4 protein chains.
Amino acid sequence: MLYFVNDYSEGAHEKVLRHLIDTNMEQLSGYGTDHYCETAKEKIKKACGCEDAEVYLLTGGTQTNQIVIDTMLAPYEGVVAAHTGHVSTHEAGAIEFTGHKVLELPEKNGKICASDLKELAETFYGDDNHEHMVFPGMVYISHPTEYGTLYSKKELEELSSVCRKYKLPLFLDGARLIYGLVSKETDVTLQDLAELCDVFYIGGTKAGTLCGEAVVFTGNCMPKHFLTRVKQHGALLAKGRLLGVQFDALFTDDLYLEIGKNAIETAAVLKEGLKKKGYQFFIDSPTNQQFVVLENSRMEELKKDVQFGFWEKADDSHTVVRFATSWATRMEDVQKLLSLL
Amino acid sequence: MLYFVNDYSEGAHEKVLRHLIDTNMEQLSGYGTDHYCETAKEKIKKACGCEDAEVYLLTGGTQTNQIVIDTMLAPYEGVVAAHTGHVSTHEAGAIEFTGHKVLELPEKNGKICASDLKELAETFYGDDNHEHMVFPGMVYISHPTEYGTLYSKKELEELSSVCRKYKLPLFLDGARLIYGLVSKETDVTLQDLAELCDVFYIGGTKAGTLCGEAVVFTGNCMPKHFLTRVKQHGALLAKGRLLGVQFDALFTDDLYLEIGKNAIETAAVLKEGLKKKGYQFFIDSPTNQQFVVLENSRMEELKKDVQFGFWEKADDSHTVVRFATSWATRMEDVQKLLSLL
Amino acid sequence: MLYFVNDYSEGAHEKVLRHLIDTNMEQLSGYGTDHYCETAKEKIKKACGCEDAEVYLLTGGTQTNQIVIDTMLAPYEGVVAAHTGHVSTHEAGAIEFTGHKVLELPEKNGKICASDLKELAETFYGDDNHEHMVFPGMVYISHPTEYGTLYSKKELEELSSVCRKYKLPLFLDGARLIYGLVSKETDVTLQDLAELCDVFYIGGTKAGTLCGEAVVFTGNCMPKHFLTRVKQHGALLAKGRLLGVQFDALFTDDLYLEIGKNAIETAAVLKEGLKKKGYQFFIDSPTNQQFVVLENSRMEELKKDVQFGFWEKADDSHTVVRFATSWATRMEDVQKLLSLL
Amino acid sequence: MLYFVNDYSEGAHEKVLRHLIDTNMEQLSGYGTDHYCETAKEKIKKACGCEDAEVYLLTGGTQTNQIVIDTMLAPYEGVVAAHTGHVSTHEAGAIEFTGHKVLELPEKNGKICASDLKELAETFYGDDNHEHMVFPGMVYISHPTEYGTLYSKKELEELSSVCRKYKLPLFLDGARLIYGLVSKETDVTLQDLAELCDVFYIGGTKAGTLCGEAVVFTGNCMPKHFLTRVKQHGALLAKGRLLGVQFDALFTDDLYLEIGKNAIETAAVLKEGLKKKGYQFFIDSPTNQQFVVLENSRMEELKKDVQFGFWEKADDSHTVVRFATSWATRMEDVQKLLSLL
């Protein structure tokens, strides 16, 4: 059986695992106060080119979205997001659970645009009754998006500019950030993100760690008593080392770039192969997720040998499926997959 | 430097780590649906002698307390707990964060008793205005308690009996359960807990895993759509295998008992040694946490060589300190500690 | 100055006020347990032709929406509503404040339709990942809608049928219900609502009381310990009589129908007059709210003599405005308004 | 039947009712923006001797406690209160419903003291692990307390001083404030409260209005976008006039003092009469609530002719009962009650 079902099918990248093994019996202080957490944070700040950032390590993606959004919003504020955004649809109401509305914007290829955001803010503040409504309080984008697409630097600059005009912190969900940073079709660097976003996270779970997401707060915007709020959300690990050691490995000798490259290279071969075979793409993705329209009987056939994701019905006889590559994908498996298609 | 500061200073027990290494590149389905989660759950049910139990693996202790309590209570109910209970004092308001009050009972040695619980229930239902008050909805106890003490089987039976009379699910926080089960001074088995409690958890974080707590719901009381609620709390791991593999190891060849025994044996030697040297105990603990009253200057001296926990001020010149042993404590370090005292 | 700005500009209908005066010094028990609350409830049940309904009196509309939705939903559920629904947009996030998502449906003239609802439910349950999403838990409609429009009996039957298929309680917001019931263009009676809805409320605030909304739960669906939950939401009045006495008056000698008729008759004259004068209607409303497109300079002129509502910008030179009539509107004021237009 | 069961058995004081009648058909703007709300607020500020205060009118007591506490606390903070405080016990968990813990202090006669508060704050900040705990965020006291007792000016000054040292806003629940202000045994004025408290409310419901509590924020501490948060809590009345008109009446020609005096004078005669007859008082109350210990058979006898409150069991044969007077209590009824005792 070939696995292209997602980018979190294996455990940890061997170098990450090795670091866990090597440090295992070291006696360390709890709750993220150990020196591996410290060095991991320093390495991340350096990679971001942002020495005055504050970094906090959390365990999973939905948890991170929930905590960042809940702690940065005032109680009367909601978060603006694409209606396809992960926080809008696939987090079981984790944002609303903490009392906040997701204010949905239309999307194109999973992305929102500056002009729609500007209109939302203008309409809101132009409404005499806006005090009876949920205030827009921050903006959530994912990069890569849920459809594998990427914002250009210009698009991010425009969004950031509207955000700053209306004092809306810009939050970038980077669960798969590494696969965006090494894409051949991006002009966005980690340093750009540190400049344009107020807060973003670098995903570990989908990029070679067993778990863990590194939240980067730029410009002194980490919420007050953040540790207490993390604990209150049930998200403070006693053995914070589990996160510190893994991110320490990820940001040593540019391992995160290495991890990203394998996913992108295997995805590129897959995309090229699919194109050659004449498959129709649901969306043009420059990252590790490829969305293809399959004829249903073809899809059923393929299921015998390959695990992949069912995205949505295309029409009565076709389905959109997703093939995902990762740090762990072997080129030979891509070739096998292509031979089956 | 000697470490007796807590029972989560090291990473994972070597057999747990070994299992993570051995299974690392296996491609598994996400969100706790993999076969290691499955076998771990089966092994736990067997150890509990309760085939019809349902087991769910979560990441940390506060998270587990929050999710179990929030999902089992009706919105108009609160949880009854000792005023020294972890949920009452040391979880940053994680229970209240989900909308529920902690209804505090007096404690003795960290334990509540059946008669106080009965009185609380009787007073509540006897009050004509009880509909204007928070309904008692479940009972929380920790075993071992925050003071290392243990409930006897008789005490648990009495509590359970009152709970059943008033339809209050009994929830046992077993963050350190393993150290209670192997104590020389207990008559309580895992099977007893499965019979007397409606829900309890077997702690991993403080007993040899990197993270993880196994919640056991007996008698068909797992809340509906529990996975969705776990996700809503931000607590669903994409790589559920991280928990499954570790608990699979913990419940293979009775590793959890082996882990418990080392902690108890080293604690017993420490306790005996402290007694011989004439130290005064703050509380008589039969488990891996020992609470001793130290003269302040003595304590300052000791801090140069040993890390330990500061519990509370005893009087102006004395402090209660905690020495904790664990699966990882070496007997030679206990001897070194004793030689320093 | 003429007032057509809303339907809650005056205090109480004189018969409602008279009942408050007459009963003022009577000594009554608190929290809604007095005999006026009792008789009001009985009269409402009788008017609904539903003796086994349960009625509960609350103070305001947003409060009622929040409490009904929060107490009837399970924590993992959201409420389905039109994206123009009051709960979606104009309640400052009161639904999300209690932890629930509003699942928005497209609307036509402020109404949702059975086929869109069916599609939402089918798509949800057809999605293999639906356990990672918010469950649809109930359906909210307003009648009249925020645009003054009405559901036909057939439309309600279709919605109700889909709701029952998917076990989704149907909740009807009747803040202006009386103005719908007496509309010349409706075939829906109070008895129909009691049959087709699981819960609905009969608005008082916009129909002649100082405050108050009467929630009708049919088919035994009032949430358990509802009084406690009302109190927990901060909504339990010590002097429940304030609500009981007013609704007792409203449902004595069909006062509520009398109140409705005045609003509808004055609105009909206004609508007819506006039509004759060639004004363009934004929407065709058969109730007490009339939405008209005014040229901006015309609108500015009118503001000197009349208070009315600004709904939304139509284009750069035109605005949609709202004229509302009520139980208190005098026909002579309608004539004056028409003479100014 | 004589009514001494509480202080909210009647409707409104005749002057309050008269003002509602006189203003009933005036067409006013909604949501508390009308001129009666405005003048009521001005009169209250003047009575408090605090021109820069901000006043907000809400509907009921639990609602007011919930909204003030929730909006003034940071999410990681709890409210300190006596364990007998209304927010601790008799509000169905309304505080916890909004995510905040009530941090209980011991009480004496329903009151907390500055030294206990200071110890709580010192212990909290002295604990190295305080970031794992709920931060004390404000202090709640009731005046008169739930037992009818009063703080002296000195006691309030001491509490206020500790509060200011630890930056804890002091919030005074004045549901029965008027009955405290006119007590013969108080040295506390409304102006004192405005100086010593950061926020307090002047109760209307128990002092002659149909509903309504006037919250006074001193020193510029009204939370941002307070109207939006009130709406979000479901507490914004469309007809805000209902509150404005009533408080306008209450603060015209010192009606609130007149109302207070009747309650205090009747209570004084009752207290004196009870003393003479040798009844034992549960607590020495200088306000309108008198708590007396009755022999159970005596109590049963009395129930035939009088409604009164059952407070708590004193011993197996005695019960603590409460007799409450109010603005509406007639001296002749007090005499009748005494003749029955």
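The values are calculated or read from the model by the stated rules, or taken from the named source; none is laboratory data. What you are looking at is a predicted structure, and each value in this text was computed from that prediction instead of being measured. Positions of Cβ are generated from backbone atoms using ideal geometry, with glycine treated the same way; all protein chains shown enter the neighbour counts. Only protein heavy atoms, including side chains, enter the accessible area calculation; ligands, DNA and RNA are left aside. Shrake-Rupley method; radii C 1.70, N 1.55, O 1.52, S 1.80 Å.
Entry remark, the stretch C:20-33: residues being open to solvent by 20 Å² or more (accessible area, probe 1.4 Å) and of a type in the set (A, V, I, L, M, F, W, C) number 2 in total.
How about the stretch D:34-49: which of its residues are open to solvent by 10 Å² or more (accessible area, probe 1.4 Å) and in contact with a Leu (Cβ under 9 Å, 6 or more places away or on another chain)? Within the stretch D:34-49, D:35, D:36, D:41, D:43, D:47, D:49 qualify. Each residue in the stretch C:50-61 was checked for being surrounded by 24 or more Cβ atoms within 10 Å (Cβ to Cβ) and among the small types (Gly, Ala, Ser), and 2 pass.
Residues in the stretch C:229-248 that are at the interface with chain D (Cβ under 10 Å from one of its Cβ atoms), touching a Phe, Trp or Tyr at 6+ places or on another chain (Cβ under 7 Å) and outside any loop (DSSP other than H, G, I, E, B) were compared, and the one that is surrounded by the fewest Cβ atoms within 10 Å (Cβ to Cβ) is C:229.
Pick out the one residue from B:70, B:127, B:52, B:116 that is on the phi < 0 side of the Ramachandran plot, out of contact with any Pro (no Cβ under 7 Å at 6 or more places or on another chain) and without any contact (Cβ under 8 Å) to a residue 24 or more places away in the chain.
Answer to the selection: B:127.
Evaluating residue B:55 against the criteria (1) in contact with a helix residue (DSSP H, G or I) (Cβ under 9 Å, 6 or more places away or on another chain); (2) β-branched (Val, Ile, Thr); (3) farther than 22 Å from residue B:139 by Cβ leaves one unmet condition, (3). Evaluated against (1) touching a Ser or Thr at 6+ places or on another chain (Cβ under 6 Å); (2) in the same structural domain as residue B:151 (by TED's automatic domain parsing); (3) aliphatic (A, V, I, L, M), residue B:227 falls short on exactly one condition, (1).
Based on this model, can you work out whether residue C:107 counts as crowded, with 19+ Cβ neighbours inside 10 Å, acidic (Asp, Glu), at pLDDT 95 or above and closer than 26 Å to residue C:285 by Cα?
Numbers: crowded, with 19+ Cβ neighbours inside 10 Å: yes; acidic (Asp, Glu): yes; at pLDDT 95 or above: yes; closer than 26 Å to residue C:285 by Cα: yes.
So residue C:107 fits the description; yes.
The sole residue among A:147, A:140 that is touching a residue at least 40 places away in the same chain (Cβ under 8 Å), open to solvent by 20 Å² or more (accessible area, probe 1.4 Å) and not small (Gly, Ala, Ser) is A:147.
Residue A:17 falls short of the stated requirement of being buried (at least 20 other Cβ atoms within 10 Å of the Cβ) and more than 9 Å from chain B (Cβ to nearest Cβ).
Go through the residues of the stretch B:310-318 one by one and say whether even a single one is open to solvent by 20 Å² or more (accessible area, probe 1.4 Å), within 25 Å of the chain's Cα centre (by Cα) and aliphatic (A, V, I, L, M).
Step one: list which residues in the stretch B:310-318 are open to solvent by 20 Å² or more (accessible area, probe 1.4 Å), which gives B:310-318.
Within this subset, residues satisfying the condition of being within 25 Å of the chain's Cα centre (by Cα) are B:310-313.
Restricting the remaining residues to those that are aliphatic (A, V, I, L, M) gives none.
Taking every residue of the stretch B:310-318 in turn, none turns out to be open to solvent by 20 Å² or more (accessible area, probe 1.4 Å), within 25 Å of the chain's Cα centre (by Cα) and aliphatic (A, V, I, L, M).
Only one entry in D:240, D:203 is under 23 Å from residue C:60 (Cα atoms), among the small types (Gly, Ala, Ser) and over 20 Å from the mean Cα position of the chain (by Cα), namely D:240. Restricting attention to the stretch B:270-293, the residues that are open to solvent by 50 Å² or more (accessible area, probe 1.4 Å) and of a type outside the set (Phe, Trp, Tyr) total 7.
Anything in the stretch D:233-244 that is in contact with a helix residue (DSSP H, G or I) (Cβ under 6 Å, 6 or more places away or on another chain) and under 30 Å from residue D:196 (Cβ atoms)? List them, or say none.
Narrowing the stretch D:233-244 to residues in contact with a helix residue (DSSP H, G or I) (Cβ under 6 Å, 6 or more places away or on another chain): D:233-236, D:240-241, D:244.
Once the filter is applied, which keeps residues that are in contact with a helix residue (DSSP H, G or I) (Cβ under 6 Å, 6 or more places away or on another chain) and under 30 Å from residue D:196 (Cβ atoms), the stretch D:233-244 yields D:233, D:235, D:236, D:240, D:244.
Considering the stretch C:321-335, the residues that are more than 20 Å from residue C:281 (Cβ to Cβ) and within 14 Å of chain D (Cβ to nearest Cβ) include one that is surrounded by the most Cβ atoms within 10 Å (Cβ to Cβ), namely C:327.
Here residue D:64 passes the criteria (1) in contact with an Asp or Glu (Cβ under 6 Å, 6 or more places away or on another chain); (2) within 22 Å of residue C:67 (Cβ to Cβ); (3) open to solvent by 10 Å² or more (accessible area, probe 1.4 Å) except the one numbered (3). Kindly check whether there is at least one residue in the stretch A:260-283 that is in the same structural domain as residue A:182 (by TED's automatic domain parsing) and basic (Lys, Arg). No: zero hits. Of all the residues in the stretch A:305-339, those that are among the charged types (D, E, K, R), at pLDDT 95 or above and in a strand (DSSP E or B) number 1. Considering C:188, C:162, the condition of being in a loop (DSSP other than H, G, I, E, B) and of a type in the set (Val, Ile, Thr) is satisfied by C:188 alone. For the stretch D:191-211, taking the residues that are part of a loop (DSSP other than H, G, I, E, B) and under 23 Å from residue D:78 (Cα atoms), the one that is most open to solvent (accessible area, probe 1.4 Å) is identified as D:198. Among the residues of the stretch B:249-258, those identified as surrounded by fewer than 24 Cβ atoms within 10 Å (Cβ to Cβ) and either polar (S, T, N, Q) or within 21 Å of the chain's Cα centre (by Cα) (or both) are B:251, B:252, B:254, B:255, B:257, B:258.
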